[in-house]
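This report refers to the structure that appears directly beneath it.
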Protein chains: 2
Amino acid sequence: MSDDAEHHREKMRKRKDVQDREVASKTVEKGLLMVHTGPGKGKSTAAFGLALRMLGHGRRVVVVQFIKGAWQTGERDALARFDDRLAWHTMGEGFTWETQDRARDVAACEAAWAVARSALADPDVALVVLDELNIALRYDYLPLDRVLLDLASRPAMQHVVVTGRNARPELVEAADLVTEMALVKHHFKNGVKSQQGIEF
Amino acid sequence: MSDDAEHHREKMRKRKDVQDREVASKTVEKGLLMVHTGPGKGKSTAAFGLALRMLGHGRRVVVVQFIKGAWQTGERDALARFDDRLAWHTMGEGFTWETQDRARDVAACEAAWAVARSALADPDVALVVLDELNIALRYDYLPLDRVLLDLASRPAMQHVVVTGRNARPELVEAADLVTEMALVKHHFKNGVKSQQGIEF
């Protein structure tokens with residue numbers, strides 16, 4: 001074996017030791033509260049990817065969409081193949097600038113939260129996706145305290161992922177995992193329109 | 001209607017005008033080169049979410065995994081339901097610190113790129129997911145120039161998503177959409193281990 005190859009192997013052996021010790025130090029299993037926020041793309045997409053992963057493991061998933069209505073038709077149609085273990089609730093009627101009616105938005109969010117609450121009370125549900133809940137919280141369409149309390153009271157092993165820009169600091173504080181999707185570069189700037197399979 | 005409700009409606013009406021003009025100004029349709037990078041979670045998950053969306057629209061997807069082998073079994077099993085329109089190639093044998101053999105890593109990446117190239121030459125493939133390609137490029141397991149050339153030569157309407165930390169600046173430059181997943185908070189810090197449906 002060449003010196004270079006031996007050097008590489010030695011370096012990687014050390015790295016593996018570090019990695020193995022790191023993995024061994026983690027012993028806790030618990031339901032995670034995850035938040036995908038930030039102005040970049042991928043917040044909902046990654047949440048639906050998690051749903052897919054859970055379904056692939058044969059477990060149950062509930063999706064509640066708080067704001068978007070007509071969007072994400074691709075995922076919804078695709079995930080319909082798992083309809084024995086997936087419940088998908090599109091409760092929102094679109095963005096707030098589509099409805100232009102605050103009272104209607106609040107009512108839609110309240111109805112969505114009632115559905116979410118029943119999922120958050122069911123220990124057979126492995127993952128609850130609360131899509132665009134951050135938008136509902138940001139505009140005070142739902143009382144933050146009640147949402148945080150219901151999240152905290154859920155079954156110990158249940159995972160939850162909350163998506164949407166501008167996550168409230170109290171939610172970030174309560175979360176186990178927070179990822180900020182940052183926009184480095186966006187094709188809309190170059191006049192590219194929304195396309196099937198990408199934005200919807 | 002109360003003044004508050006009228007104020008909200010007026011504000012949202014203006015917002016919708018801006019939004020509509022924005023949407024109308026986008027007219028270009030093209031295959032996008034997308035990059036998910038950064039230290040946060042969700043890079044591959046969002047890419048598999050895009051795959052799901054595309055499959056939901058009845059279109060063809062090819063996934064090539066450059067580094068990870070044993071991981072993402074959840075998605076792979078779930079997406080197997082679409083195996084008439086999905087080709088999933090797990091070419092990597094694990095992280096570089098697992099194989100500890102640079103020559104073997106390079107050979108695995110070369111074989112993976114050959115598979116990727118044939119997908120990048122097929123206009124019937126709507127989306128190509130090049131999972132963890134950034135890692136292969138970072139360690140010079142593949143020549144960057146050749147990868148960029150093959151990406152640039154693909155069918156005009158084909159979308160590609162490249163994942164992995166530390167995207168090379170030249171790839172970011174060539175991309176239409178770049179999202180950086182930033183880690184705000186991570187449960188591993190609190191001793192939580194990898195769990196089914198979350199990390200794999």
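The values are calculated or read from the model by the stated rules, or taken from the named source; none is laboratory data. Every value quoted in this text rests on a predicted model; they were computed, and no experiment measured them. Backbone-built Cβ (ideal geometry, glycine too); neighbour counts: all protein chains shown. Keep in mind that these areas ignore ligands, DNA and RNA; they rest on the heavy atoms of the full protein, side chains included. Shrake-Rupley method; radii C 1.70, N 1.55, O 1.52, S 1.80 Å.
When a 1.4 Å probe is rolled over the protein heavy atoms, the share of accessible surface on the protein assembly as shown that falls to carbon and sulfur comes to 50 percent. DSSP beta bridges fully contained in the protein assembly as shown are about 15 percent antiparallel. Distances between copies at A:Ser194, taken between label points 7 Å from Cα along the C-beta direction, are 3.6 nm in increasing order.
Rolling a 1.4 Å probe across the protein heavy atoms gives the protein assembly as shown an accessible surface of 43 Å² per residue.
Shown are A:Asp105, B:Asp17, whose ranking by accessible area with a 1.4 Å probe and every protein chain present, most to least, is B:Asp17, A:Asp105. Computed from the Cβ-Cβ distance with R0 of 30 Å, the FRET efficiency linking B:Leu183 to A:Ser194 stands at 0.55.
Note that the protein assembly as shown, at 20 °C in a medium of 1.002 mPa s, gets a Stokes-Einstein diffusion coefficient of 97 µm²/s from its Kirkwood radius over C-alpha pairs.
The charge dipole of segment A:27-71, taken about its Cα centre with unit charges on the Cβ of Lys, Arg, Asp and Glu (plus for the first two, minus for the last two), comes to roughly 80 debye.
Roughly how many debye, to the nearest 20, is the charge dipole of segment A:31-190 about its Cα centre, given +1 on each Lys and Arg Cβ, -1 on each Asp and Glu Cβ, and no other charges? Roughly 480 debye for segment A:31-190.
Put simply, chains B and A cover up around 7000 Å² of each other's accessible surface, both sides summed, when a 1.4 Å probe is used.
The accessible-area loss of segment B:1-47 on complex formation, taken against its chain alone with a 1.4 Å probe, reaches 50 Å² or more at B:His8, B:Arg9, B:Met12, B:Arg15, B:Lys16, B:Lys26, B:Val28, B:Leu32, B:Thr45. Pairs to check: A:Lys11/A:Lys43; B:Lys43/B:Lys185; A:Lys14/A:Lys43. Give those whose C-alpha atoms are more than 26 Å from each other in this structure. Where the Cα-Cα span goes over 26 Å, the pairs concerned are A:Lys11/A:Lys43; A:Lys14/A:Lys43.
Multiplying the residue separation of A:Met157 and A:Arg9 by 0.36 nm and removing their Cα-Cα distance gives an extension gain of 49.4 nm.
To the nearest 10 degrees, how steeply does helix A:102-120 sit against the main Cα axis of chain A, on a 0 to 90 scale? The helix A:102-120 is inclined about 50 degrees to chain A. Of the residues B:Asp101, A:Asp20, the one with the largest accessible area comes first in the ranking A:Asp20, B:Asp101, computed with a 1.4 Å probe on protein heavy atoms. If a paramagnetic tag sat 7 Å from the Cα of A:Arg21 along the Cα-Cβ line, which residues of segment B:155-197 would have the backbone N under 17 Å from that point? Once the point is set 7 Å along Cα→Cβ of A:Arg21, B:189, B:191 turn out to lie under 17 Å by backbone N, inside segment B:155-197. Each label point was placed 7 Å from the Cα along the Cα-to-Cβ direction; for B:Asp145 and A:Asp150 their separation is 5.9 nm.
Here is how the number arises for the protein assembly as shown: DSSP H runs of 4 or more residues each give -39500 (n - 2.57), the sum is divided by the residue count, and the result at 222 nm is -13000 deg cm²/dmol.
In the assembled protein chains, B:Ser153 presents an accessible area of approximately 80 Å² (probe radius 1.4 Å). Against the main long axis of the alpha-carbon atoms of chain A, helix A:3-24 sits at an angle near 50°.
GNM on chain B, alpha-carbon springs under 10 angstrom: the most fluctuating residue among B:Phe48, B:Phe66, B:Phe82 is B:Phe82.
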